[in-house]
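Structure, as structure tokens:
The values are calculated or read from the model by the stated rules, or taken from the named source; none is laboratory data. From a predicted model like this one, the values you see are computed outputs, not experimental measurements. Ideal geometry is used to build each Cβ from the backbone, glycine not excepted, and the neighbour counts take in all protein chains shown.
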Amino acid sequence: MEANYRIWIQELKQRIRSAQLKAAVAVNEQMIMLYWDIGKQIVEKQQEESWGSKVVEQMAKDLKNELPETNGFSRTNLFAMRQFHLFYKDSILLQQADIDLQNKENQSDIIVHQAGGLIGEDNLLCKMPWRHHVAILNHCKDTTQAFFYIKQTIQHNWSRSILELQMESDLDKRQGKALNNFELTLPKIQSDLAKETLKDPYKFDFLTLEADVQELQLEKILTENISRFLLELGKGFAFVGRQYPLQIGNKERKLDLLFYHLKMHCYVVIDLKMTEFEPEFAGKMNYYLSAVDQLLKTELDHPSIGIILCKSKDKIEVEFALQDLNKPMGISEFTFSELPLDIQKNMPTVEEIENELKDNLDD
């Protein structure tokens, strides 16, 4: 009996959680539609009655008096609802999902007709929390940019803080921009996914380093900040190792950074270069990918992919370097925050630190 009871309780727990999640999603959808309609009515009333912005302030006061226990209708939030409607109302991306809001006998019920208004329950705008929308309204200049972040948020289940971080890093301008040879080396479905996975440039602005930091130092610091590093790489990357050893013939070769991508089902080799791109970097990566495919890849894995990250690159030179290679790879730049020059000048060198330690030991 005890075993059957525990199984039953676990099943009930899953059903309860599922129902709670569905209820939360439904509440959010209704709230977004309500906020849309309030914003729409504010705009229409201001146009029809020639009311100024003070009507919004009066609304906030009156709604607070009428609904003292209800949150979400402050002056700031009402202005955000107005902006929400104005920002998206003429978007060509939404015109096919118009809605018409009508009141039933019960004034609290809202009937949604997909044929005649602007947001329905199945619309993307209803799939994201309101505070995420406010963050996007504060950042995005047009609806194309906004819809990029809406889709990414829904796809990757971003929290508001992660969404804000991605917007601050201009992800929409970087994603899918890396130079690559994927169309020539991968089947189309894999090629499209790989292209969308890579960025250019990668921003390691969570690091503050000296301008002449060496590659091994950068690898070490990136892996010490693995959570932020993985966030910048994007969803799906699983860290395998740093300076990952491969026994090739009589020699041991080491990969700067090795990852496995859970969605592309392949190994990803990252080579860090603290200099401008050189053609031989691509040849070396081609060699590494051949070794990984031979030594690590299984029948269940897709071909391994290489990413070369450089301080800078010449587009024409990169295109020439990739032309006749048979292994899939992309080349991107990366950036990081540099320490101010005055601080760099006053920092001791490695040699000075070693001498200081030696003197202390001698004493």
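Within the range 192-242, the set of residues being basic (Lys, Arg), touching a Phe, Trp or Tyr at 6+ places or on another chain (Cβ under 9 Å) and surrounded by fewer than 17 Cβ atoms within 10 Å (Cβ to Cβ) comprises just one member, 228. Assess whether residue 65 counts as being under 37 Å from the mean Cα position of the chain (by Cα) and modelled with pLDDT of 50 or more. Criteria not met by residue 65. Checked against (1) modelled with pLDDT under 50; (2) in a helix (DSSP H, G or I), residue 83 passes all but condition (1).
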